[in-house]
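Working notes, structure below.
The values are calculated or read from the model by the stated rules, or taken from the named source; none is laboratory data. Because the structure is a prediction, the values reported are computed rather than measured. As a convention, Cβ positions derive from the backbone with ideal geometry for all residues, glycine included, and neighbour counts pool all protein chains shown.
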Amino acid sequence: MEPFHAEPNYIIEEAPVFSSGHNACPGCGEALAVRYVLNSMGPKTVAVIPPSCIAIISGPQPYSSMRIPVYQTTLEASAASAAGIRRALVRQGKDDVNVLVIAGDGGTYDIGFQALSGAAERNEDMVYVCLDNEGYMNTGAQKSSSTPYLAYTTSTPGGKPNDKKDIAEIMAAHRVPYVATATVGYPEDLARKVAKAKEMRGLRFIVVLTPCLDGWGVPDDGAVRVSRLAVQTGFFPLYEVEEGERYAINVGPTPGWPVERYLETQRRYRHLTADQVAAIQAHVDHKWSLLHARAKVECVPMFQGAEI
Amino acid sequence: MSRPPNEIPTIWTTGFTDVFNTGTWRAATPVYAWRPSPCLVDCPIDNAIPRWIKYISEGDYQQAWLELVETNPFPAVTGRVCHHPCEGHCNREVLEAVVGINGLEHFLGDHALDHGWALPEAAEPVGKRVAVVGGGPAGLSCAYHLRRLGYQVTIFEARERLGGLLRHGIPEYRLAAQVADREIQRVVDLGVEVRTSTSVGDSQAFAQLREEYDAVFVAVGAQQAKRLPHLDAGAGAGRVLDGLDYLRRCIEGATRGLGERMTVIGGGSAAVDVARTARRLGHRVSMVALETRAVMPAQREEVEEALEEGVALFDGAMVTRVEATAGGLRLDCVKVQLDPTAPAGELRPLPVDGGGFVLEADVIVTAIGQDPNLTAFGGDIRVDAGVAAAAPDTAATTAAGVFAGGDAAGTSRFVSVAIGDGRRAAYGIAAYLGHPDAEVVVRHTLEQAVNRNEVNVFYFDFAERNEKAKAPVAERLTGFAEVNRVFTPEQAAAEAARCLTCGTCIECDNCFVFCPDMAVKKDDSKSDSPEGRYVILDQYCKGCGLCVAECPRGAVHLEQVTQ
């Protein structure tokens, strides 16, 4: 397979779905992701949102920052609700409406996982976007099964002892039509993946790394930088999987950039010892070797910009 | 407040939140503002360098050149001989190496000469006359800017031809005379009256000038070589020359009989010029400089080129005594260290114990600096430490209507400083004469400039710096053809693309793209302004600063909300 790159020259086309005046924190990475997810999906969309920061951002009732119908469902039922909405639309003969789930990592990796796995197994027709801030940040930064190894949360004060679930691989293993990872530091890549998913059918899954400023300990202007460092240091690879087996790596790590450059930008990793940093580095390197093996290509890094 | 039990809302969601004023959360506001780039601040001629480089990268060479000559009418000259301080603080260094600004200027200057482009026309006459004393770079630059402000200008030049140092002080292998001549002619073509072979030699002649003209700019340069008396004492007559003397003899072809072995004393550009000229005329050349190679005032490149051409450099050393011997001259030398406690600008050499050595030579050429001869003007204007005292912003001297610049009013001895002085003097003169639109040139500081913490180099790919090609050493020593070759158009395009355009918005859209609140709006009516076309929507901006952090070039900054 040919090496594949993100397209820095992809022209983002935004429909005005997401509205200013929403309730996200200043500089919120998740709000930025919501902007590109919603505005790429366009106005012919029904959204399903479980309890999460996204629900806060979409409110407050009776106001809504999203100029589309939004169904706020229960934390465990996003995929099931979306499947139901899709079937109702089919029954009404409306085949030009997108059904979109925007859930957090708690509602995807943990509490909503059973419904999601079932919907994936049935290949229900929806775009499922997980905005992953690696914890229950909305309720005060408790750990989720997305919280990375050794990261501090209020419920793992010494650092989380277990590794983060690899949700992209889990979903790819369901052999759904499309799985992608994305992050807000690469908005063209994110918008392109949403637009691509929109044109497909079946269950399309995108996990978007969205830095939580408060939960991660990042300054107000740092979400994009931290997001980019996650990719540049190899901590969070950007790639796509079609039909569970056709892999394409979009952006590879910048050669010589240690994961420490990512970790040191966040307060949640402040307690790490040198040995722990080395352990995380080894872990990242190992995951890359697995990804390379699955993708059957060596990744050619594209963005080589320095950071100061 | 509870709802009456049977009332069901007709609309569940309104589909908007843009009635809320999230802008009230803000503690700081992003502000779009043009800011000086470090290259502009470091440029003695205040050149808006990122502007013309951007036009080069867009392929619009003529517009680029017009931007460049806005402050500097001699880009082909400075593209060859400028000491390019503009490259000193270039933010591109964060990535791999500074931008080759001097090479781009050289390219643009030559391109304009090849295409015969004319300078912007002189303004409508304002009915006042200015005398410029000295037709070197300072005087010519002043004349250019004065013509563009509508003044009548007469240049008084003591020699037969205009150019001053450009013609008589810089060897052809660095600056071909025809290049300087053509750029000078372009200025003259703006309607400058030129009186060559006309020296303002005494205070009476100067008084007459002040009488006849509304203002006078004194830019007579520095013509008197400094001497080292202790060398003359021990050597035979005619065995110790000064640099200007030697270069003049070269032009006249009168260098025969000086002997084969030459020692040049000095560490500046003039000394290197003498040494390299002498190599081309077949001398064996050694060079003794007080400063070590790292801090010699000569440009790094010229010292490298001199070494390539076989000049033997004894840096951090001085000649203490000269003795005539049967075979020539014996020079007693000693290694020195410069006293770090000496006041700035003063060299205080301290001999190093056991650092003595001996050189042999047939002729010694000193090039240790020159002083201006201000006897004709000294009665009217104050002279400090040998140079005319002039205000840094207007070049005004202590005498009303008299301005001074270039080497006559400073000690830095750089062509570009002289050109900058001429420009500031022109605007100073215009302000003095009450020109309606002329404002005194305001110089920016490095503190105001975009620094390397304010650029975001993620948005630029690595790209190697382009260097000017050089003639091979063997070829150089056979004559006086120029050593440095101009960029090819491909090199110029590649080098221009490396510029970060610090401080000037080029509408890359990053601030717009990265706003989580969609509080950045594009206003097309503002397009092409140095601040760009973006507007912050006060009602929504929460002041996070993402637009500032992700601006690649420092064209937007945060200001604290003080109310």
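Screening A:D220 against (1) within 14 Å of the chain's Cα centre (by Cα); (2) of a type outside the set (G, A, S); (3) within 14 Å of chain B (Cβ to nearest Cβ) leaves a single unmet condition, (1).
Apart from one condition, B:Q491 fits all of (1) modelled with pLDDT of 90 or more; (2) part of a loop (DSSP other than H, G, I, E, B); the exception is (2). Of everything listed in (1) surrounded by fewer than 23 Cβ atoms within 10 Å (Cβ to Cβ); (2) in contact (Cβ under 8 Å) with a residue 24 or more places away in the chain, the single unmet condition for A:P62 is (2).
For region B:342-427, the strands (runs of 3 or more DSSP E) that sit wholly inside it and include 3 or more residues that are over 18 Å from B:A271 (Cα atoms) are B:349-361, B:402-404. Among the residues making up region A:254-280, those that are among the hydrophobic types (A, V, I, L, M, F, W, C) and either loosely packed, with under 15 Cβ neighbours inside 10 Å or without any contact (Cβ under 8 Å) to a residue 40 or more places away in the chain (or both) are A:W257, A:V259, A:L263, A:A274, A:V277, A:A278, A:A279. Scanning region A:20-37 for residues that are under 16 Å from the mean Cα position of the chain (by Cα) and either more than 7 Å from chain B (Cβ to nearest Cβ) or surrounded by fewer than 23 Cβ atoms within 10 Å (Cβ to Cβ) (or both) yields A:G29, A:E30, A:A33, A:V34, A:Y36, A:V37.
Only one entry of A:Y128, A:Y109 meets the criterion of being crowded, with 20+ Cβ neighbours inside 10 Å, in contact (Cβ under 8 Å) with a residue 24 or more places away in the chain, among the aromatic types (F, W, Y) and over 22 Å from A:V17 (Cβ atoms), and that entry is A:Y109.
For region B:508-563, a tally of residues being more than 8 Å from every other protein chain (Cβ to nearest Cβ), assigned to a loop (DSSP other than H, G, I, E, B) and surrounded by fewer than 17 Cβ atoms within 10 Å (Cβ to Cβ) returns 12.
Can you find a residue in region B:190-197 that is among the β-branched types (V, I, T) and surrounded by fewer than 21 Cβ atoms within 10 Å (Cβ to Cβ)? Checking region B:190-197: at least one residue is among the β-branched types (V, I, T) and surrounded by fewer than 21 Cβ atoms within 10 Å (Cβ to Cβ). Please state which of the following conditions A:G107 fails to meet, knowing it meets all the rest: (1) more than 14 Å from chain B (Cβ to nearest Cβ); (2) in a loop (DSSP other than H, G, I, E, B). Evaluating A:G107 over (1) more than 14 Å from chain B (Cβ to nearest Cβ); (2) in a loop (DSSP other than H, G, I, E, B) leaves (2) as the failure. Across region B:478-526, the qualifying residues are those that are in contact with a Cys (Cβ under 7 Å, 6 or more places away or on another chain) and of a type outside the set (D, E, K, R), and the one among them that is nearest to B:V303 (Cα to Cα) is B:N510. Across region B:343-357, the qualifying residues are those that are surrounded by 12 or more Cβ atoms within 10 Å (Cβ to Cβ) and either at pLDDT below 85 or among the β-branched types (V, I, T) (or both), and the one among them that is nearest to B:F314 (Cα to Cα) is B:V352.
Right, B:A317: out of contact with any helix residue (DSSP H, G or I) (no Cβ under 8 Å at 6 or more places or on another chain), of a type in the set (G, A, S), surrounded by 15 or more Cβ atoms within 10 Å (Cβ to Cβ) and at negative phi or not? The answer is yes for B:A317. Look at (1) modelled with pLDDT under 90; (2) over 30 Å from the mean Cα position of the chain (by Cα); (3) assigned by TED's automatic domain parsing to the domain that holds B:L146 and you find that B:L209 fails only one, number (1). Can you name the residue in region B:416-442 that is in contact with a Phe, Trp or Tyr (Cβ under 7 Å, 6 or more places away or on another chain) and in contact (Cβ under 8 Å) with a residue 40 or more places away in the chain and, of all such residues, is surrounded by the fewest Cβ atoms within 10 Å (Cβ to Cβ)? Ranking the qualifying residues of region B:416-442, first place goes to B:V440. For region B:466-474, check the following and say yes or no: at least one residue is modelled with pLDDT under 95, among the aliphatic types (A, V, I, L, M) and closer than 30 Å to B:Y32 by Cβ. No: region B:466-474 contains no residue that is modelled with pLDDT under 95, among the aliphatic types (A, V, I, L, M) and closer than 30 Å to B:Y32 by Cβ.
This table checks each residue for (1) surrounded by 21 or more Cβ atoms within 10 Å (Cβ to Cβ); (2) hydrophobic (A, V, I, L, M, F, W, C).
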site: B:P85; (1), (2): no, no
site: B:H89; (1), (2): no, no
site: B:E93; (1), (2): no, no
site: B:V98; (1), (2): no, yes
site: B:I101; (1), (2): yes, yes
site: B:E105; (1), (2): yes, no
site: B:D110; (1), (2): no, no
site: B:L113; (1), (2): no, yes
site: B:A118; (1), (2): no, yes
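Condition check for B:Y459 on (1) under 24 Å from B:P50 (Cβ atoms); (2) more than 14 Å from every other protein chain (Cβ to nearest Cβ); (3) hydroxyl-bearing (S, T, Y): one failure, at (2). Within the set A:T147, A:T181, the sole residue that is under 16 Å from the mean Cα position of the chain (by Cα), among the polar types (S, T, N, Q) and in a strand (DSSP E or B) turns out to be A:T181. Of all residues in region A:89-96, none are closer than 19 Å to A:E30 by Cβ and either assigned to a loop (DSSP other than H, G, I, E, B) or away from chain B (no Cβ under 12 Å) (or both). For region B:136-156, a residue qualifies if it is crowded, with 24+ Cβ neighbours inside 10 Å and among the charged types (D, E, K, R), and exactly one does: B:R147. When you scan region A:57-70, do you find a residue that is within 18 Å of A:C212 (Cα to Cα), out of contact with any Leu (no Cβ under 9 Å at 6 or more places or on another chain) and outside any loop (DSSP other than H, G, I, E, B), even just one? Within region A:57-70, one or more residues are within 18 Å of A:C212 (Cα to Cα), out of contact with any Leu (no Cβ under 9 Å at 6 or more places or on another chain) and outside any loop (DSSP other than H, G, I, E, B). Looking at A:S40, is it surrounded by 19 or more Cβ atoms within 10 Å (Cβ to Cβ), at pLDDT below 95 and under 20 Å from A:Y128 (Cα atoms)? When the stated conditions are applied, A:S40 does not pass them.
Considering only residues in region A:66-80 that are surrounded by 18 or more Cβ atoms within 10 Å (Cβ to Cβ) and over 20 Å from the mean Cα position of the chain (by Cα), the one that is farthest from the other protein chains (Cβ to nearest Cβ) turns out to be A:I68.
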